[in-house]
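Everything on this sheet refers to the single structure shown next.
Read-outs: derived from the displayed coordinates by stated rules, not from any lab. In this text, all values refer to a predicted model and were calculated from it rather than measured experimentally. With ideal geometry, Cβ positions are generated from the backbone for all residues, glycine too; neighbour counts draw on all protein chains shown.
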Amino acid sequence: MDITIIAESRSGELHPVTRQLVGAATTLEANTTVLCPGGVGADEAATILGVGKVLSVTGDCFSSYDGGAWSEALDAAAGSGVLIGAATSKGRDICSRIAARRGIPVIQDVTALSPGLNVTHPIYSGKAMQDLSVSGDCVLTLRANTFPPAGDGGSADTATVQQSGDVRIAVQEAIAKASERIDVADADIIISGGRGMGDPANFSHLNAIADQIGAAVGASRAAVDTWEEIPHSMQVGQTGKTVNPSLYIAVGISGAIQHLAGMRTSKYIVAINKDPEAPIFKIADYGIVSTWEEALPILAEELGKLS
Ligand SMILES: Cc1cc2nc3c(=O)[nH]c(=O)nc-3n(C[C@H](O)[C@H](O)[C@H](O)COP(=O)(O)OP(=O)(O)OC[C@H]3O[C@@H](n4cnc5c(N)ncnc54)[C@H](O)[C@@H]3O)c2cc1C
């Protein structure tokens, strides 16, 4: 089987999720080629164990992001077989466009993958998981932090192809994220606040705990929609980010189905809510029925004793 992985990059470097894509492909015992859009991260990709070949795809279109142009260029550069990308906003965009160009199926947000191309992915906003067996060429996006990353030790051949696409969107201005905090999509621990935090200033209590335990701070859509101080980049859920951390702490979040869609596969879920009937408690491993005003200082104190 031939697998082509579309490398994910961030700030001019290979994003760690790329190693997870290679790790997943390795379990399929396939010939694995990694495509690096714009050549970003090609040198590192060549050192990842399990990578057979690295292709730097260089072209004018890679100077800024345009899904149509990138997918046109990557489609031309990639061979046939199975294409794998990350289930990030960019990865989903590119992969669905390539699948449409090729007229082959795309399966988004895969959480399990095994030989024979048996895949599992969520449907109905995560209310159910679907097992599929795929025959023939297809495109998959894999959920971040779900597959073990491949290690170092590879020495893949590298080549460069000059390939661009038709850019139809001109980026006028890119506004950098104000926060230096780790992104929820990359975090292994997340503490999220909802409308129950009462005021955006109260997110400082979540930030303080996040600093203690190296967590990212997330939010519900109600928090993001209500307070402009809480940016959309923090939103977890169906119309926000899908996360898969080892620990997810939900504070003042009711647990609406659209929020659960983005975080229900977290390994451990802790919920702090003053309402014992809040739906979040149905999926929480540990539930604390309390106001956050009472619970967070105790949590902070206990965490302080551990350090
Ligand atoms: C198409 C669509 C897409 C959506 N996408 C998303 C999405 O991506 N992400 C998302 O989160 N939502 C999404 N929503 C919105 C979702 O339906 C809910 O409205 C939202 O998740 C509720 O946010 P919340 O739990 O913060 O607020 P609320 O539902 O208002 O809950 C606040 C909770 O805080 C508790 N509380 C109040 N005060 C305290 C206190 N002092 N201490 C402790 N607990 C307290 C309350 O008991 C309550 O349970 C979407 C909705 C639609 C229709």
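For Lys282, go through the lysines and keep the ones whose alpha-carbon is under 25 Å away, minus same-chain ones fewer than eight residues off.
List returned: Lys127, Lys241, Lys267, Lys274.
Output wanted: per-residue J couplings in Hz (rounded whole) for region 287-304, from phi through Karplus 6.51 cos²θ - 1.76 cosθ + 1.60, θ = phi - 60°, x for Gly and Pro.
Those phi angles translate into x, 10, 8, 5, 6, 5, 4, 7, 6, 5, x, 5, 4, 4, 5, 5, 5, x Hz.
Would you please give the residues with an amide H less than 5 Å from that of Tyr268, counting only those at least 5 places away or on a separate chain, with H modeled from the backbone geometry?
Leu247, Tyr248
More than 17 angstrom separation, counting every C-alpha pair in region 184-306; what % is that?
49
So what are the ³J(HN,Hα) numbers for region 242-252, from phi and the Karplus equation (6.51, -1.76, 1.60; θ = phi - 60°), rounded to whole Hz, Gly and Pro as x?
Working through the residues one at a time gives 8, 10, 8, x, 6, 9, 10, 10, 9, 10, x Hz.
Based on the mean of other beta carbon atoms within 10 Å per residue, what is the order of 276-284, 212-220, most packed first?
212-220, 276-284
What ranking do 110-123, 182-195, 67-80, 294-307 get when scored by the average of other Cβ atoms within 10 Å per residue, highest first?
182-195, 67-80, 110-123, 294-307
Report D for the chain in µm² per second (integer): Stokes-Einstein, Kirkwood Rh on Cα pairs, 25 °C, 0.890 mPa s.
120
Kindly state, to the nearest 0.05, the FRET efficiency for Thr239 paired with Gln130, given R0 = 22 Å and r defined as their beta-carbon distance.
After rounding, the FRET efficiency stands at 0.60.
Could you work out how much longer the chain between Glu228 and Ala159 gets when fully extended? Use 0.36 nm per residue separation minus the Cα distance between them, nm to one decimal.
20.2 nm
Quick one: Karplus J couplings for region 129-140, per residue in order, coefficients 6.51, -1.76, 1.60, θ = phi - 60°, nearest Hz, x for Gly and Pro?
Karplus-based 3J(HN,Hα) across region 129-140 equals 10, 10, 9, 10, 10, 10, 10, x, 5, 7, 10, 10 Hz.
Is it possible to state the helix-based mean residue ellipticity at 222 nm for the chain, with each DSSP H run of 4+ residues giving -39500 (n - 2.57), the sum divided by total residues, to the nearest 500 deg cm²/dmol? What is it?
It lands at -7500 deg cm²/dmol.
What's the angle, to the nearest 10 degrees (0 to 90), between helix 17-26's Cα axis and the longest principal axis of the chain?
For 17-26 against the chain, the angle is about 60 degrees.
Length gain on complete extension for the stretch Ile175 to Thr291, per 0.36 nm per residue less the alpha carbon to alpha carbon distance?
Residue separation times 0.36 nm, minus the Cα-Cα distance, leaves 38.2 nm.
Only counting other Cβ atoms within 10 Å, I'd like Cys61, Cys138 sorted with the fewest neighbours first.
Placing the least packed residue first, the sequence is Cys138, Cys61.
Give the calculated FRET efficiency between Asn118 and Met1 to the nearest 0.05, with a Förster radius of 22 Å applied to their Cβ-Cβ distance.
0.95
What residues qualify as long-range amide H neighbours of Ile84, i.e. H under 5 Å apart, gap of 5 or more or another chain, H built at 1.01 Å from N?
For Ile84, whose amide H was placed from the backbone, the distant partners under 5 Å are Thr4, Ile5, Ile6, Leu140.
Quick check: the angle from helix 89-102's long axis to the longest principal axis of the chain, C-alpha only, nearest 10 degrees?
The angle comes out at about 40 degrees.
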